[in-house]
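Engineer: Here's a structure for you.
The values are calculated or read from the model by the stated rules, or taken from the named source; none is laboratory data. Fair warning: this is a prediction, and the values are worked out from it, not measured in the lab. Methodologically, a virtual Cβ is constructed for each residue, glycine included, from the backbone with ideal geometry; neighbour enumeration extends over all protein chains shown. Heads up: the accessible areas ignore ligands, DNA and RNA and are worked out on the full protein's heavy atoms, side chains in. Shrake-Rupley method; radii C 1.70, N 1.55, O 1.52, S 1.80 Å.
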Amino acid sequence: MLLDGKSTSLAIQSELAEAVAQRVAEGKKRPHLAAILVGNHPASRAYVGHKVKACDRIGFESTLVELSESVTEAALLDSVRQLNEDDSVDGFIVQLPLPGHIDEQRIIEAIAPEKDVDGFHPVNVGRMTLGLPCFLPATPAGILELLKRSGIGTTGKHVVVVGRSAIVGTPISVLLSRSGEPGNATVTLCHSRTVDLASITRQADILIAAIGKAHFIGEEHVKDGAVVVDVGINHIPDATKKSGRRMVGDVDFEAVAPKCSAITPVPGGVGPMTIAALLQNTMRAAARG
Ligand code: GUN
């Protein structure tokens, strides 16, 4: 089974569009998402573009704050402060990565937790870990939603996560081991220092690949009948494309798919779900405000 993130994301966006129309009919304002984009990182530019387009599609307001690659940390902190204080903005994100001269953690910690729809602020990370109401980070939240809507239960399953990033690997491990469904899984978190990775990933009922390396997960890493969730967004040369390159995940899809009971494609899997989850967080921020 192909886990179709694109159509699931569009279904969620239709639900949100209806909820927006309902709010507007009740005389309430449209949810408003803002994004700060620093520099000209092509992938970041594309991701933010997708987020803004999705806002337009479902009737959210959006604001894009573009700052130059050479912006000072003080000026960026000032932009964050302005969005914190702007009552018309329900939630906002600072697209990562930031240029090397900026302390990323310092910027994240400057975001008001109640507007942190990316769920990156330590207050939201801590609340997530404790199972308290909070904004969940968008990619893990999108994965949970995709599993749920695809009828894939996680209770009692062995989930193996490869990659321990703060944005994906670490939070999805926490979320799937929490009490409740989705959750109640036995989670193993693997990373670059894991010894004999394949012997562990082959035990996975659900394998989540969040490494950031094209085609890292091969047929030898996957048990027959496993569910595979590919979080990777990588580009490899492809002379048959006009751009000269093609987007691939962390999983060698051609080799792995025949063994799986379900797998997410790249593109069209986790990526669109990340956008859906961000919009859901923004709707919640607006409903609360
Ligand atoms: N960079 C890669 N993924 C994300 C994300 O989910 N949010 C932000 N702000 N930056 C990212």
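Engineer: So, for the range 95-187, what is the accessible surface per residue at a probe of 1.4 Å, expressed in square angstrom?
Structural biologist: Accessible area per residue, the range 95-187: 40 Å².
Engineer: Ordered by residue, what ³J(HN,Hα) values in Hz, to whole numbers, does the range 209-224 give under the Karplus form 6.51 cos²θ - 1.76 cosθ + 1.60, where θ = phi - 60° and Gly and Pro are x?
Structural biologist: 9, 9, 9, x, 10, 4, 6, 5, 8, x, 4, 5, 8, 10, 7, 4
Engineer: Amide H to amide H under 5 Å from His235: which residues, 5+ apart in sequence or cross-chain, H placed 1.01 Å off N in plane?
Structural biologist: Here Val248 satisfy the definition.
Engineer: Once fully extended, how much extra length lies between Ala11 and Ala257, figured as 0.36 nm per residue of separation less the alpha-carbon to alpha-carbon distance?
Structural biologist: My answer for the length gained is 86.1 nm.
Engineer: If you don't mind, another one. So what's the back-of-envelope 222 nm ellipticity for the chain, counting only DSSP H runs of four-plus at -39500 (n - 2.57) apiece and dividing by all residues, rounded to 500?
Structural biologist: Calculated at 222 nm, the ellipticity per residue is -12500 deg cm²/dmol.
Engineer: What residue among Val168, Ser179, Ile108 has its Cα farthest toward the positive end of the dipole of the range 82-193, where the charges are +1 on Lys, Arg and -1 on Asp, Glu, each on the Cβ?
Structural biologist: Most positive-ward Cα: Ser179.
Engineer: Share of the chain's accessible area from carbon and sulfur, percent, 1.4 Å?
Structural biologist: Roughly 54 percent of what the probe reaches on the chain is carbon or sulfur.
Engineer: Relative to the Cα centre, what is the charge dipole magnitude of the chain, using +1 at the beta carbon of each Lys and Arg, -1 at the beta carbon of each Asp and Glu, and rounding to the nearest 20 debye?
Structural biologist: Using only the charged Cβ atoms, the result is roughly 440 debye.
Engineer: Counting C-alpha atoms alone, how compact is the range 157-266: give Rg to one decimal and Dmax as a whole number, in angstrom.
Structural biologist: Gyration radius and largest Cα-Cα distance of the range 157-266: 14.1, 48 Å.
Engineer: Further question: Can you give me the long-range amide H partners of Thr63? Hydrogens built in the peptide plane at 1.01 Å from N, cutoff under 5 Å, separation of 5 or more residues or another chain.
Structural biologist: Leu33, Ala34, Ala35
Engineer: Further, regarding this structure: Normalised by the empirical 2.2 N^0.38 Å for globular proteins, what value does the Cα Rg of the chain take?
Structural biologist: Cα Rg divided by the expected 2.2 N^0.38 Å: 1.00.
Engineer: Over the range 1-90, average the accessible area per residue using a 1.4 Å probe and give it in Å², no decimals.
Structural biologist: It amounts to 53 Å² per residue over the range 1-90.
Engineer: Amide H to amide H under 5 Å from Val228: which residues, 5+ apart in sequence or cross-chain, H placed 1.01 Å off N in plane?
Structural biologist: Leu207, Ala262, Ile263, Thr264
Engineer: Can you return the lysines within cross-link range of Lys51? Criterion is Cα-Cα under 18 Å, with same-chain partners fewer than 8 residues away left out.
Structural biologist: Lys6, Lys115
Engineer: Quick one: 3J(HN,Hα) in Hz for the range 11-19, Karplus 6.51/-1.76/1.60 with θ = phi - 60°, rounded, Gly and Pro as x.
Structural biologist: With coefficients 6.51, -1.76 and 1.60, one gets 5, 5, 5, 5, 4, 5, 4, 5, 5 Hz.
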